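Scroll down for the structure; my scribbles are underneath it.
Taken together, the values in this text are just the output of simple stated rules run on the coordinates, not laboratory data. On a predicted model such as this, the values are computed, not experimentally measured, just so you know. Here the Cβ is made from the backbone with ideal geometry for all residues, glycine too, and neighbour counts use every protein chain on show.
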Amino acid sequence: MVDSLTRIPAPEPATEEAGTKLSDLDFIAFDVETTGLSAIACKLVELSAVRFRLSGGEMEIFSHLINPECEIPPEVTRIHGITDQMVKDALTNKEVIPLFLQFVGKRPCVLVAHNAPFDVGFLKVAVARLGIEVPPITVVDTLNLSRCLVDGVVDYKLKTLAQHFEVVDGDYHRALADSHHVRHIFGKIMAANPELSTLEQLCDFNCLITLTEQESAVEPTGEVAQHVNVLKAAIGGKQQLKMIYIGNGPPPRSGRLITPIAVLENRGNHYLTAFCHQLDAERTFRIDRIKSLQVYS
């Protein structure tokens with residue numbers, strides 16, 4: 001199990017002072033491929049990124065397949081083409097996420113993604129599960145940006161925009177290929193709108209979020225809040241807990257032994273990621289379904 005809070009060299013947020021020139025910034029277009037749509041229930045299977053400047057020049061590439069330590073559903077493999085065989089010897093989330101944050105943190109930058117809340121959601125959960133602290137890095141969402149600034153397209157999907165801007169066609173639904181598409185699309189939009197020269201001007205298009213932003217964060221209340229406090233104390237103290245959990249099966253007769261890893265919030269619900277000693281595997285639990293928690297000694 002990892003520590004509840006691991007401090008590593010991390011990226012600094014882009015300067016938010018008036019007049020932050022886009023021409024002075026490093027951008028990192030990134031994309032993820034996953035085992036499904038839920039950032040809580042599903043895992044990363046690929047994370048790629050391209051560091052670039054709007055003026056061009058040399059790029060830096062980051063790309064890793066990730067072993068999700070679970071099976072990839074066949075219907076998801078049909079979309080991105082990543083199989084269990086491809087990732088069985090790959091690095092795990094525990095290894096890839098710190099590498100990615102070190103890549104991002106080499107110099108201050110702004111991240112760029114298409115439908116950024118999806119990619120950011122998975123990245124935030126992956127970071128939280130490792131207990132890694134990151135600063136509020138700015139993220140540009142090219143989906144919202146293109147909806148405001150691009151006309152003459154039937155929709156705003158990544159492939160549609162790439163074809164609209166006559167970006168060299170290539171693979172889609174693979175993280176590195178899509179990162180390059182995002183890079184090209186963002187560059188084309190900025191080139192077509194030279195009056196947009198600062199980061200602050202992009203705020204008008206509802207396309208900026210931050211890596212640590214809690215867009216829909218809901219504070220826990222009642223029994224959930226009590227459980228959250230116990231869980232956070234156990235994580236900080238590296239304690240094991242005896243938990244009675246009401247799942248989809250028959251009511252439990254006795255508690256299960258867990259080692260809590262992280263407390264997460266998503267769309268108003270609170271979750272616990274923990275190592276379940278009964279199943280000998282990491283699992284995620286809804287905290288509102290926890291009946292009781294007791295420190296195990």
Under 1.5 on a/c is rounded, so check that first for the range 128-215, then, if it is not, pick prolate when a/b is larger than b/c and oblate when it is not; a ≥ b ≥ c are the square roots of the alpha carbon gyration tensor eigenvalues. oblate
Hey, how many Å between the Cα centroid of the range 219-234 and the Cα centroid of the range 66-111? 31 Å
Sum of -39500 (n - 2.57) over DSSP H runs of 4+, divided by residues of the chain (222 nm, nearest 500): -9000 deg cm²/dmol
For the range 222-295, just say rounded, prolate or oblate: build the C-alpha gyration tensor, square-root its eigenvalues into a ≥ b ≥ c, call rounded for a/c under 1.5, and beyond that prolate if a/b exceeds b/c, oblate if not. rounded
When the charge dipole of the chain is computed with +1 at the Cβ of Lys and Arg and -1 at the Cβ of Asp and Glu, the Cα pointing farthest to the positive end, of PHE52, TYR271, LEU101, is that of TYR271
Which of (i) 31; (ii) 43; (iii) 25 is the computed percent of Cα pairs over 32 Å apart? It is (i)
Dipole magnitude of the chain about its Cα centre (Cβ charges: Lys, Arg +1; Asp, Glu -1), debye to nearest 20: 1180 debye
Going highest first, how would you order 142-150, 262-270 by mean Cβ packing within 10 Å? 142-150, 262-270
Answer with one residue from VAL140, THR34, PHE165: the one whose Cα lies farthest towards the positive end of the charge dipole of the chain, charges on Cβ with Lys, Arg +1 and Asp, Glu -1. THR34
